[in-house]
Amino acid sequence: MALVPYVENQLPALSKLHNSSAQFRFANHDLHLTQDWKKLGVAAVVWDAAVVMCIYLEMGKVELKGKEVIELGAGTGLVGIVAALLGAKRVTITDREQAMDFMSANVKANLPQDTQGSVAVSELTWGEGLERYTAGGYDVVLGADIVYLEDTFVQLLQTLEHLCSDTSVVLLACKIRYKRDTDFLSMLKQRFTVEEVYYDKQRDIHVYKSWKVPPQRDL
């Protein structure tokens, strides 16, 4: 979500993120994702949470075929690309305006021509302009490593509530770094049922599945 440039060598442990590209194989396709840490910062590199989300999607635990899918804070677009390759009817890949050209290039470079028509790249700043997105119009909402800026938590929750119907599924892949990360999960649990469905020990990434809590009916 946030486009935060970093000074090179500021975080030497993350040196792989300075590479100009990252390669993966998902859904029987070789994917080559362009990265641009210097220009766009955290939004323009593939984080472990995105990789783990793709691993989980490949397991087939959540049905994607024929579904309307939206990815929030997509960055490089990897997760949305993989969702499309796994058969989603339509995938909307979103992030802030500055990332649009970057994401579009990755989508075009990694999706077969006959699949590109089912994928849209769209600007979405959480909590703003939500009327451009159909309320309750998505079967699956995806987010990889989007829970890290406390100032965005209220807007992120508002966005999830808008996008989801009573039958929608939210998948969040998270690295729990700080107390504020669990604070967001507590906020989410006030409106959604939340359960951990996968944990990648090597990368220390949790995948949470959520769905709206049914409204209480008056007796």
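The values are calculated or read from the model by the stated rules, or taken from the named source; none is laboratory data. All values reported here derive from a predicted model rather than from experimental measurement. Because the Cβ atoms are built from the backbone with ideal geometry, glycine has one as well, and the counts that use them run over all protein chains shown. Just so you know, the surface numbers come from the protein's heavy atoms only, side chains and all, with ligands and any DNA or RNA stripped out. Shrake-Rupley method; radii C 1.70, N 1.55, O 1.52, S 1.80 Å.
Worth pointing out:
- Residues of region 157-186 that are open to solvent by 50 Å² or more (accessible area, probe 1.4 Å) and either of a type in the set (Lys, Arg) or in contact with a helix residue (DSSP H, G or I) (Cβ under 6 Å, 6 or more places away or on another chain) (or both): Lys175, Arg177, Lys179, Arg180.
- Once region 119-135 is narrowed to residues that are surrounded by fewer than 15 Cβ atoms within 10 Å (Cβ to Cβ) and part of a loop (DSSP other than H, G, I, E, B), the residue that is nearest to the chain's Cα centre (by Cα) is Gly127.
- First in region 28-50 and open to solvent by 20 Å² or more (accessible area, probe 1.4 Å), second anywhere and among the aliphatic types (A, V, I, L, M) and assigned to a helix (DSSP H, G or I), Cβ under 6 Å, 6 or more apart: His29/Leu85; Asp36/Ala44
- Checking each residue in region 51-74 for being assigned to a helix (DSSP H, G or I), open to solvent by less than 10 Å² (accessible area, probe 1.4 Å) and of a type in the set (Val, Ile, Thr) picks out only Val52.
- Test result for Thr115, of a type in the set (S, T, N, Q) and either within 15 Å of the chain's Cα centre (by Cα) or closer than 29 Å to Val213 by Cβ (or both): no
- Taking the criterion of being assigned to a loop (DSSP other than H, G, I, E, B) and open to solvent by 10 Å² or more (accessible area, probe 1.4 Å), the residues of region 75-107 that qualify are Leu86, Gly87, Lys89, Arg96.
- Those residues of region 68-80 which are more than 19 Å from Val169 (Cβ to Cβ) and among the β-branched types (Val, Ile, Thr), in sequence order: Thr76
- Any hit, region 149-158, residues being without any contact (Cβ under 8 Å) to a residue 12 or more places away in the chain and closer than 23 Å to Lys65 by Cβ: no
- Comparison of Val170, Val141, Val207, Val147 shows that the only residue that is of a type in the set (Val, Ile, Thr), outside any strand (DSSP E or B) and closer than 22 Å to Thr92 by Cβ is Val147.
- Selection status of Gln116, touching a residue at least 24 places away in the same chain (Cβ under 8 Å) and loosely packed, with under 15 Cβ neighbours inside 10 Å: no
- Scanning region 63-87 for residues that are under 15 Å from the mean Cα position of the chain (by Cα), over 25 Å from Gly41 (Cβ atoms) and not acidic (Asp, Glu) turns up Leu64, Val69, Ala84.
- Selection status of Lys201, open to solvent by 50 Å² or more (accessible area, probe 1.4 Å), more than 16 Å from Cys54 (Cβ to Cβ) and either touching a Phe, Trp or Tyr at 6+ places or on another chain (Cβ under 7 Å) or at pLDDT 95 or above (or both): yes
- For Arg25: the one exception among (1) in contact with a His (Cβ under 6 Å, 6 or more places away or on another chain); (2) free of Cβ contacts under 8 Å to residues at least 12 places away in the same chain: (1)
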